Amino acid sequence: LSNEDLYRPNFHFSPKKGWMNDPNGMFYYNGYYHLYFQHYPDGNTWGPMHWGHAISTDMISWKEQPIALYPDELGYIFSGSAVVDVDNTSGFSEDSKTPVVAMFTYHDMEAEKAGKTIDETQAIAYSLNEGLTYTKFKGNPVIANPNIPDFRDPKVNWDEDRKQWTMVLAAGQEIMFYASKDLKQWELLSTFGEGIGNHNGVWECPDFFHLPVKGTDETKWVLLVSINPGGPNSGSATQYFVGDFDGKTFKIDETFQKELAKEHSFWVDHGRDNYAGVTWSNVTTADGGKLFIGWMSNWLYANEVPTEKWRSANTVARELGLIKGTNTYRLVSKPVKELKNYRAKKVADRAIPIRGKAILTTTETISLSKTEINFSISELVQAKYTFSLSNKQGDSLTFGYDAKINKYFINRDNSGKTDFSPKFSDRLSTAPRTARTKEWTGKILLDKTSIELFYDDGQTVMSEIFFPHAPFETLSITSDQDNFTLDALEIHELKFN
Ligand code: FRU
């Protein structure tokens with residue numbers, strides 16, 4: 001198999017050619033979900049940053065579009081967001097066309113090369129053709145740098161209660177909150193983060209939105225903060241905070257703060273490969289959830305992964321919700337509902353007795369690289385449950401749950417090509433199980449080079465990439481204790497054109 005055949009994802013977005021990192025500027029308008037991304041089209045490692053662009057009607061099948069933003073004399077185009085300015089608050093409209101306004105960071109490479117650390121400002125650009133092409137605003141930058149070395153990644157959201165735009169910006173290891181009436185003039189409202197959460201790295205790519213708490217009348221505000229390095233399994237990861245917002249200040253919820261102080265288990269994803277993820281603007285799910293996508297890599301090794309024509313893919317698009325968990329609020333994620341439309345072939349079984357190692361399926365029955373698997377075990381016992389994906393070449397990827405230490409794990413040490421970076425498989429990834437139920441349920445999404453695990457209705461998520469020498473052919477499960485019953489197993493092969 002060619003590098004392309006072996007590693008080009010079946011259903012995760014990857015650029016046709018060149019480098020990709022953070023998702024940027026996602027908005028929904030007129031039936032299309034737009035996705036922009038940090039892109040270097042002329043090389044397969046990080047370089048002069050552009051905004052690449054792709055569109056989709058369902059967030060699963062993507063069509064790449066021409067590059068939307070090119071670097072210029074003010075700098076590289078770093079991460080940011082986009083909003084649909086329905087009321088033309090910006091005044092950019094012409095011929096009654098609705099403007100889409102993108103806000104991004106200019107990173108001044110000349111300044112950086114000259115040894116200056118203050119090299120980032122915020123700027124805007126507008127589109128009058130639904131996000132296809134943009135005109136940069138003549139008055140850029142719209143926010144000058146107040147002498148902060150890492151000052152970037154503006155995420156704008158419409159605040160319906162205050163009828164104004166709210167923007168969150170990463171500033172060193174804090175988040176700055178801004179407001180604007182016209183997307184051009186920005187007022188600093190407040191700063192959040194000192195002494196709260198994980199600070200073992202730079203804070204990047206924030207997002208801020210409210211979510212209904214499932215099964216209640218309550219609404220809470222959620223702040224996403226990507227951090228690099230310092231993730232729970234080293235390198236890049238995204239933490240979240242839950243609290244309240246009065247239009248000026250974000251106040252962390254007391255029960256949340258208490259739990260956070262005990263153990264920081266508040267990560268959008270505990271796997272090593274979901275970074276810089278943010279949500280779509282101008283759309284929510286039917287029950288008020290937000291739509292999210294992340295970059296499925298990690299700065300520890302992103303530039304070295306063994307793909308040739310392109311580098312990096314995104315996570316599956318996900319719906320974010322909020323639940324009241326055991327002691328406080330918890331973010332839950334699941335793949336967008338549109339993924340179900342791709343189910344093609346299914347095998348299902350109930351009450352499967354497992355003794356020793358049991359083969360659950362092989363590629364003779366169903367593909368293991370475009371696959372959705374749902375399982376449940378109704379009575380967890382003090383055992384280590386291990387799933388394993390393997391091939392004849394001797395590669396294997398193992399993952400599962402160790403009830404004795406209450407931890408989920410992924411081990412990709414023997415998953416194929418790993419030696420491109422000493423950091424890729426230098427450790428097991430683990431995540432604490434925060435659900436308290438006896439029943440254990442999980443959803444597993446498999447593509448050629450990625451696994452996404454949604455445990456306990458999405459309360460704990462782990463996403464990781466791998467590069468086997470040949471496609472995985474067998475999926476098995478085993479436990480180090482007595483026999484047990486897998487109460488339900490459903491395997492769907494997905495079909496993509
Ligand atoms: C996060 C990040 C952002 C920045 C972009 C540059 O991965 O470092 O903070 O805007 O990547 O490509």
Farthest toward the dipole's positive end in region 3-335, which of W51, V305, F92, given Cβ charges of +1 (Lys, Arg) and -1 (Asp, Glu) about the Cα centre? V305
Rank the residues V202, V225 as a footprinting-exposure proxy: fewest other Cβ atoms within 10 Å of their Cβ go first. V202, V225
In whole Å, largest first, the alpha carbons of the chain cover along the principal axes 69, 51, 45
Which three semi-axes in whole Å describe the equivalent ellipsoid of region 360-462, each the square root of 5 times a Cα gyration tensor eigenvalue, listed largest first? 23, 18, 12
From zero outward in steps of 10 Å, how is the percent of C-alpha pairs of region 67-184 spread across the bins? 14, 45, 31, 9, 1
Flagged as over-length at 28 Å C-alpha distance, from K116/K251; K16/K340; K116/K163; K404/K448, the pairs are K116/K251; K116/K163; K404/K448
Distance cut-off 31 Å, Cα to Cα: go down the list K97/K290; K17/K290; K220/K423; K346/K384 and report the pairs above it. K220/K423
Please report, in debye to the nearest 20, how large the charge dipole of the chain is about its Cα centre when each Lys and Arg carries +1 at its beta carbon and each Asp and Glu carries -1 there. 1000
Label region 137-224 by shape, choosing from rounded, prolate and oblate, from the square roots a ≥ b ≥ c of the eigenvalues of the Cα gyration tensor; if a/c is under 1.5 it is rounded, and otherwise prolate applies when a/b is larger than b/c, oblate when it is not. oblate
Whole-Å distance linking the alpha carbon centroid of region 404-426 with that of region 1-65 is 26
May I ask you to compute the full-extension gain from S378 to K63, defined as 0.36 nm times their residue separation minus their alpha-carbon distance, rounded to one decimal in nm? 109.3 nm
With just the Cα atoms defining each centre, how far is region 427-452 from region 150-212? Give it in Å. 30
Dipole of the chain, positive direction: furthest Cα of T284, S388, Y29, with charges on the beta-carbon: S388
What shape does region 225-277 have by the C-alpha gyration tensor, where a ≥ b ≥ c are the square roots of the eigenvalues, rounded means a/c under 1.5, and otherwise prolate means a/b greater than b/c and oblate the rest? oblate
Distance between modelled label sites at K163 and M109, nm, 7 Å Cα→Cβ extension: 4.5
Evaluate the relative contact order of region 339-497 (contact order divided by residue number), counting alpha-carbon pairs under 8 angstrom at least 6 apart; express in whole percent. 43
Modelled label reach - R355, point 7 Å along Cα→Cβ, region 455-495 residues with backbone N closer than 14 Å: 482-485
Of W221, F241, F496, which is farthest on the positive side of the dipole of the chain, counting Cα position, with +1 on Lys and Arg Cβ, -1 on Asp and Glu Cβ, and the Cα centre as origin? F496
For every other residue with a beta carbon closer than 12 angstrom to the beta carbon of V225, add +1 if it is Lys or Arg and -1 if Asp or Glu, then tell me the sum. -3
On a full-extension model of 0.36 nm per residue, what is the gain between E94 and N200, subtracting their alpha-carbon distance, rounded to one decimal in nm? 33.5 nm
How about region 1-81: which GluC sites (Glu not before Pro) there lie in a loop by DSSP and see at most 13 other Cβ atoms within 10 Å? E73
At 25 °C in a medium of viscosity 0.890 mPa s, region 56-126 has a Stokes-Einstein diffusion coefficient, with Rh taken as the Kirkwood radius over alpha carbon pairs, in µm² per second, of 171
Placing unit charges on C-beta atoms (Lys and Arg positive, Asp and Glu negative, everything else neutral), compute the dipole magnitude of region 320-472 about its Cα centre in debye, rounded to 20. 300
Length gained when the stretch N147-N406 is fully extended (0.36 nm per residue, less Cα-Cα span): 88.8 nm
Where does the charge balance sit around I323 when Lys and Arg score +1, Asp and Glu -1, over other residues with C-beta under 9 Å from its C-beta? +2
Mean projected area in nm² (Cα convex hull; one quarter of hull surface) for region 4-127: 9.0
Restricting region 415-497 to chymotrypsin sites (Phe, Trp or Tyr not before Pro) in coil, as DSSP defines it, with at most 15 other Cβ within 10 Å: F420, F496
Out of region 155-193, which GluC sites (Glu not before Pro) are coil in DSSP terms and have no more than 13 other C-beta atoms within 10 Å? E160
Counting alpha carbon pairs within less than 8 Å and at least 6 residues apart, what relative contact order, in whole percent, applies to the chain? 14
Once Lys and Arg are counted +1 and Asp and Glu -1 for all other residues with Cβ under 10 Å from that of L494, the total becomes +2
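No lab work stands behind these numbers, since they all come straight from the coordinates. Given the structure is predicted, the values throughout are model-derived calculations rather than measurements. Here Cβ is always computed from backbone atoms with ideal geometry, including for glycine, and neighbour counts include all displayed protein chains.
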